[in-house]
Amino acid sequence: MRIPVIAGNWKMHKTLVEAEELARVLVNNLLDLTDNREVVLCPPFTALKTVFEAIKFSSIKLGAQDLHWEKSGAYTGEISALMLKDVGCSYVIIGHSERRIYFYEKNYTVNKKILAALAQELTPLVCVGETLEERETNQTFEVIRGQIKEGLADLNSIQAAKLVIAYEPVWAIGTGKTATPEQASEVHTFIRNLLTETFGEETAFQIRIQYGGSVKPDNIKSLMDQKNIDGVLVGGASLDADSFTRIVKF
Ligand code: PGA
């Protein structure tokens with residue numbers, strides 16, 4: 001069975017004091033969390049250690065929002081998988097659309113990052129998704145196919161089984177426009193079929209596919225009711241303890 005994974009992407013929000021406060025309240029709110037749900041907090045790099053200290057005795061996991069593919073070296077401003085592991089991370093978001101759009105991230109760099117993360121036993125949360133223009137010009141499936149095929153190139157099925165894929169339509173991120181459960185489900189099923197075609201049925205069945213894009217307490221249930229939706233990646237609504245708690249406990 002695929003255990004649903006609910007991740008909060010804090011993006012470029014929260015000072016140390018704010019991050020610690022939010023993490024502590026969540027630990028308290030989620031004391032009764034059972035193992036039928038995995039919860040991951042992805043604060044900015046600066047708050048990773050602080051959040052780790054706050055959650056380390058709970059079942060909440062720590063994730064980063066990006067990484068560099070080299071272990072170390074002259075890469076000013078970058079952070080490696082080894083460093084993320086060192087600070088207590090077990091997950092890392094890779095290829096978020098904001099990285100692709102504002103920092104020109106490409107499928108081949110996503111691929112290198114996935115391999116680097118897996119080499120350090122970090123679970124990659126690999127983001128894919130189409131823009132509004134791509135959807136309106138009927139390119140959704142082609143775009144997703146390219147992102148998956150190129151992003152996951154050269155992975156074997158053992159590696160692939162460890163991934164979490166996050167389908168995040170760019171037009172739904174931070175806009176308040178959620179994909180309808182049917183729209184999301186259509187793409188999730190397409191992704192599952194693509195993974196089956198690439199890695200075989202047994203592996204594809206194990207890969208968790210999250211939905212992301214304006215997930216809120218009032219739409220989580222209808223999304224999670226879809227058979228190929230195995231969790232959510234939450235931006236805005238993860239910054240508030242009450243709304244994130246309601247999402248986790250949907
Ligand atoms: P949102 O962001 O929930 O604020 O739409 C989702 C994401 O970017 O991961």
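Taking each full run of DSSP H in the chain as one helix, which ones are at least 15 Å long along their axis (Cα atoms) and have mean Kyte-Doolittle hydropathy of at least -0.5?
Working: long enough: 16-29 (20 Å, 0.40); 107-119 (18 Å, 0.38); 140-151 (16 Å, -0.37); 181-199 (26 Å, -0.32).
Correct list, ordered by number: 16-29, 107-119, 140-151, 181-199.
Filter the trypsin sites (Lys or Arg not before Pro) in the stretch 182-250 to those in DSSP coil with at most 15 other Cβ atoms within 10 Å of their Cβ, and list the result. Write down the numbers at each step before the final one.
Values: sites: Arg192, Arg208, Lys221, Lys227, Arg246, Lys249; in loops: Lys227, Lys249.
Listed in order of number, the matching sites are Lys227, Lys249.
Take Glu202 and Lys249, extend 7 Å from each Cα along the Cα→Cβ direction, and tell me the distance between the two endpoints in nm.
Distance between the two pseudo-spin positions: 4.0 nm.
In which sequence would Ser90, Ser80, Ser72 go, from the one with the fewest C-beta neighbours within 10 Å to the one with the most?
Ser72, Ser90, Ser80
Specify which residue in the list Gly213, Thr198, Asn228 is farthest towards the positive end of the charge dipole of the stretch 141-233, using unit charges on the beta carbon of Lys, Arg (+1) and Asp, Glu (-1), about the Cα centre.
So the residue we want is Gly213.
With the Cα gyration tensor of the stretch 1-46 giving a ≥ b ≥ c as the square roots of its eigenvalues, does the rule (a/c under 1.5 for rounded; else a/b larger than b/c for prolate; else oblate) give rounded, prolate or oblate?
The shape class here is oblate.
When the Kirkwood hydrodynamic radius is evaluated over all pairs of different C-alpha atoms of the stretch 131-230, what value in angstrom, to one decimal, is obtained?
Evaluated over the stretch 131-230, this radius sits at 13.9 Å.
For the stretch 37-82, which chymotrypsin sites (Phe, Trp or Tyr not before Pro) are both in a DSSP coil and crowded by at most 12 other Cβ atoms within 10 Å?
Sparse-neighbourhood loop chymotrypsin sites (Phe, Trp or Tyr not before Pro): Phe57, Tyr75.
How much length, in nm to one decimal, is gained on full extension between Thr46 and Val25, taken as 0.36 nm per residue of separation minus their Cα-Cα distance?
5.6 nm
For the chain, what is the charge dipole size about the Cα centre, in debye to the nearest 20, if Lys and Arg each add +1 at the Cβ and Asp and Glu each add -1 at the Cβ?
320 debye
If you average over every viewing direction, what projected area does the convex hull of the Cα atoms of the chain give, in nm²?
In nm², the orientation-averaged hull projection of the chain is 12.3.
Run the Debye formula on the Cα coordinates of the stretch 86-142, all scatterers equal and no solvent, and tell me log10 I(q)/I(0) at q = 0.18 1/Å.
Calculated log10 I(q)/I(0) at the listed q: -0.67.
No lab work stands behind these numbers, since they all come straight from the coordinates. As the structure is a prediction and not an experimental result, all values here were calculated from the model. Please note: Cβ atoms are built from the backbone with ideal geometry, for glycine as well, and neighbour counts cover all protein chains shown.
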